[in-house]
Amino acid sequence: MSTSEAGTGGLREHKKRATRTAIHDTALSLVSDRGIDGVTVEEICERAEVSQRTFFNYYPSKAAAVLGMSIHTIGAPDRRRFLAGRDGLVGDLCDLVGAHVEALPDSAGLKRLASCQPGLLGDVGRRMDELRGDLTGLASQRTGNPRTARMAVSLVISALGFTLQSADAPEGRRALSTTLRHVVQEMGDLARSQQ
């Protein structure tokens with residue numbers, strides 16, 4: 001890859017992050033003032049100066065935009081790669097989650113807003129449940145053992161929850177995958193130390 005290609009990729013990622021953040025900041029500001037039901041996607045788009053198509057490229061709903069989190073569907077190529085298994089089951093699950101969950105770093109303000117407006121969490125919770133079911137099905141197919149699949153997915157989803165609630169939640173897909181692997185390792189170390 002040439003230096004100009006690397007620079008373009010970096011600039012492209014920077015622009016994507018800026019757009020993602022602008023949509024999130026706008027949604028958060030409007031919903032903080034008027035509540036989730038008092039704001040439309042159209043208003044968020046108008047204030048953030050993006051099209052509705054762009055909005056939905058970044059977030060599946062206004063609640064997801066307010067929380068700065070989106071969960072992407074696992075496509076056929078990623079399914080095949082996961083089923084082929086490159087690493088251990090848990091490591092591959094961390095990579096799969098890291099590639100399909102995007103979240104801006106957490107803040108105390110978001111936690112307060114979510115506690116005041118529980119409707120914000122419903123959409124994200126449903127998407128997380130869908131992701132958990134999809135991951136469990138894939139892991140079960142890969143291992144042939146539904147119990148092992150459920151345990152592995154539960155471990156990774158717990159690591160994701162811990163990571164998203166941390167003050168230093170990572171940005172970027174590769175960073176999330178790496179962080180999940182570290183958190184899972186720490187969880188294992190903690191479990192072993194308590195026996």
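The values are calculated or read from the model by the stated rules, or taken from the named source; none is laboratory data. None of these values were measured; they are calculated from a predicted model. As a convention, Cβ positions derive from the backbone with ideal geometry for all residues, glycine included, and neighbour counts pool all protein chains shown. Each accessible area value is taken on the protein alone, full model and side chains, heavy atoms only, with ligands, DNA and RNA left out. Shrake-Rupley method; radii C 1.70, N 1.55, O 1.52, S 1.80 Å.
For A167, the conditions (1) modelled with pLDDT under 80; (2) among the aliphatic types (A, V, I, L, M); (3) assigned to a helix (DSSP H, G or I) all hold with the exception of (3).
Of the numbered criteria (1) over 30 Å from L155 (Cα atoms); (2) free of Cβ contacts under 8 Å to residues at least 12 places away in the same chain, the one V41 fails is (2).
The listed residues are T54, T73, T26, and the only one of them that is of a type in the set (S, T, N, Q) and part of a loop (DSSP other than H, G, I, E, B) turns out to be T73. So which residues in region 29-51 are part of a helix (DSSP H, G or I) and open to solvent by 40 Å² or more (accessible area, probe 1.4 Å)? Within region 29-51, S29, S32, D33, R34, D37, E42, E43, E46, R47 meet the criteria. Here region 52-101 is the region considered, the condition is being open to solvent by 30 Å² or more (accessible area, probe 1.4 Å) and of a type in the set (D, E), and the residue that is nearest to the chain's Cα centre (by Cα) is D95.
Every listed requirement among (1) in contact with a Leu (Cβ under 6 Å, 6 or more places away or on another chain); (2) modelled with pLDDT of 75 or more; (3) closer than 18 Å to Y59 by Cα is met by A114 save one, (2).
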